[in-house]
1. Among the candidates Arg116, Arg157, single out the residue that is closer than 25 Å to Leu74 by Cα, touching a residue at least 12 places away in the same chain (Cβ under 8 Å) and not small (Gly, Ala, Ser).
2. State the number of residues belonging to region 37-61 that are surrounded by fewer than 15 Cβ atoms within 10 Å (Cβ to Cβ) and hydroxyl-bearing (Ser, Thr, Tyr).
3. Name the residues in region 59-74 that are among the hydroxyl-bearing types (Ser, Thr, Tyr) and within 18 Å of the chain's Cα centre (by Cα), would you?
4. Within region 123-143, can one find any residue that is modelled with pLDDT under 95, surrounded by 13 or more Cβ atoms within 10 Å (Cβ to Cβ) and touching a helix residue (DSSP H, G or I) at 6+ places or on another chain (Cβ under 8 Å)?
5. Please state which of the following conditions Thr77 fails to meet, knowing it meets all the rest: (1) hydroxyl-bearing (Ser, Thr, Tyr); (2) under 30 Å from Gly28 (Cβ atoms); (3) free of Cβ contacts under 8 Å to residues at least 12 places away in the same chain.
6. For region 25-68, give me each residue that is closer than 17 Å to Leu160 by Cα and outside any helix (DSSP H, G or I).
Amino acid sequence: MTGALIAVSLKDADDALAPLAGYIARAGDKRGLFENIGASVQTSTMHRFETSKAPDGSLWPPSLRVKQHGGITLRLTARLMRSITYQADSDSVQIGTNVVYAAIHQFGGLIQQAARTAVLHFKTNKKTGQSRFAKPGKADRAQKAAIGAHTITMPARPFLGLDDDDEREILSIAEQWVAGEQGGAPA
């Protein structure tokens, strides 16, 4: 035979191929990988509620409540933030929420309010004589009012998505998982 040839033989082939067995086992069930990714993105998403920042780094427009009374946008009860969860299986992970009003906050949009009548409750301040809205049980008077049809424009305040840090963290998680350092089948 002309040309060049190199031959490689493995003595103790089982020892040399043992690390591959761990990779093969982890590739068969990637649930651990996706569980770790889900937990990381869930934490990152919840952090956005603390910083009021979208995945692209832009600040959320402050809510009317925050402008008038202070606080943090989308955090009055923290229900939406606490509802962020993930579901992982051996092929994927989904991060989201089942809160009905989540979509209007994520994407923004228009809310059409139909015309209606309502009973408004007031309480009069004895010192100043001024009236203010009150809960029905604390009110000293009530008044029926007609409320005209109107549209509310809700700005987008995206909380779901991946930022640059998330992408780096996912790559790190994947590298550790492939190396058998976390969340997978034993190596």
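1. On the way: Arg116 fails: closer than 25 Å to Leu74 by Cα.
On inspection, the qualifying residue turns out to be Arg157.
2. The total comes to 3.
3. Of the residues in region 59-74, the ones among the hydroxyl-bearing types (Ser, Thr, Tyr) are 63, 73.
Answer for region 59-74, where residues must be among the hydroxyl-bearing types (Ser, Thr, Tyr) and within 18 Å of the chain's Cα centre (by Cα): just Thr73.
4. Going residue by residue through region 123-143, those that are modelled with pLDDT under 95 are 123-143.
The next check asks that each one be surrounded by 13 or more Cβ atoms within 10 Å (Cβ to Cβ); those that pass are 123-124, 131, 134, 139.
Those still in the list that are touching a helix residue (DSSP H, G or I) at 6+ places or on another chain (Cβ under 8 Å) too: 123.
Checked against the condition, which is being modelled with pLDDT under 95, surrounded by 13 or more Cβ atoms within 10 Å (Cβ to Cβ) and touching a helix residue (DSSP H, G or I) at 6+ places or on another chain (Cβ under 8 Å), region 123-143 yields at least one hit.
5. It fails just one condition, (2).
6. Of everything in region 25-68, those that are closer than 17 Å to Leu160 by Cα and outside any helix (DSSP H, G or I) turn out to be Ser52, Lys53, Ala54, Pro55, Asp56, Gly57, Ser58, Leu59, Trp60, Pro61.
The values are calculated or read from the model by the stated rules, or taken from the named source; none is laboratory data. As the structure is a computational prediction, the values presented were derived from the model and not from experiment. As a convention, Cβ positions derive from the backbone with ideal geometry for all residues, glycine included, and neighbour counts pool all protein chains shown.
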